[in-house]
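In what follows, a structure is listed as structure tokens, so that the remarks can point back to it.
Nothing in this text is a laboratory measurement; each read-out follows from the coordinates by a stated rule. Keep in mind it's a predicted model, so treat the numbers as computed, not measured. Cβ sites come from the backbone with ideal geometry, for glycine too, and all protein chains shown count toward neighbours.
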Amino acid sequence: MTDVILETKRLTKEFKGFTAVNGVDLQVQRGHIHALIGPNGAGKTTCFNLLTKFLIPSSGQILFNGKDITGLKPAQIARMGIIRSFQISAVFPHLTVLQNVRIGLQRGLGTSFHFWRSESSLDRLNERAMALLAEVDLESFADTVTADLPYGRKRALEIATTLAMEPELMLLDEPTQGMGHEDVHRVTELIKKVSAGRTILMVEHNMNVVSGICDRISVLQRGAMLAEGSYAEVSKNPQVMQAYMGTADGELEGAHG
């Protein structure tokens, strides 16, 4: 019996006559890195927004650890351990790297936004914050003002602040978007590293990233599930190759969206 952490049943979202997500059945296994891919306009981001409760489904169900979370609010599912890392760096640019992670830890304590608390009471969080920075190779940047970080390092910081919330399921929205090759490689290795003991669901357009680290891949097209399986299975699927305008040798090209 496989252990499913997140499941959708006939998940559907309609916008004024346009069906963005159409009857999607998705199963994410505990401990997996699972990618949601698809060509432009496939419904990946809408699906992600439904899973993180930023949108309300028109119909269908979302289950987390067997519990129906379809009607819950974003803050409620965050408390249950579903944490989304935003596509646009969700960090405070004028605070240091360490201070950003500390805020993530405060949120986890339920004392978020107590900015007026004495510095000494927050120093207790420093040890844990530094351990998280070590996990994402940012220890040497602890006192750097976040605005001064290179782009790829900002994404690493974002992952650290997400980890500070102690996610059981981490949702990453295009974690390598807009990165140069070196940063892509670093962030890919980082995702692989932090996936130990966690489950990750990611929307990702870079097929090299997907093929390198994902256990399972779901392909959406026009809001519906087109295929699901390992990268080897999905990349040989004729419908998937057609959806991506695959090259003659059957390799998926880097699909954006």
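At a glance:
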{"quantity": "Count of residues meeting criterion [surrounded by fewer than 19 Cβ atoms within 10 Å (Cβ to Cβ), out of contact with any helix residue (DSSP H, G or I) (no Cβ under 8 Å at 6 or more places or on another chain) and touching a residue at least 12 places away in the same chain (Cβ under 8 Å)] in the range 146-186", "calculated": "2"}
{"quantity": "Identity of the residue in the range 1-38, under 22 Å from Cys214 (Cβ atoms) and polar (S, T, N, Q), that ends up surrounded by the fewest Cβ atoms within 10 Å (Cβ to Cβ)", "calculated": "Thr2"}
{"quantity": "Number of the condition not met by Ala20 [criteria: (1) among the small types (Gly, Ala, Ser); (2) out of contact with any Asp or Glu (no Cβ under 8 Å at 6 or more places or on another chain); (3) touching a residue at least 12 places away in the same chain (Cβ under 8 Å)]", "calculated": "(2)"}
{"quantity": "Candidates Lys44, Lys53, filtered to the one that is in contact with a Gly (Cβ under 7 Å, 6 or more places away or on another chain), of a type in the set (D, E, K, R) and surrounded by 17 or more Cβ atoms within 10 Å (Cβ to Cβ)", "calculated": "Lys44"}
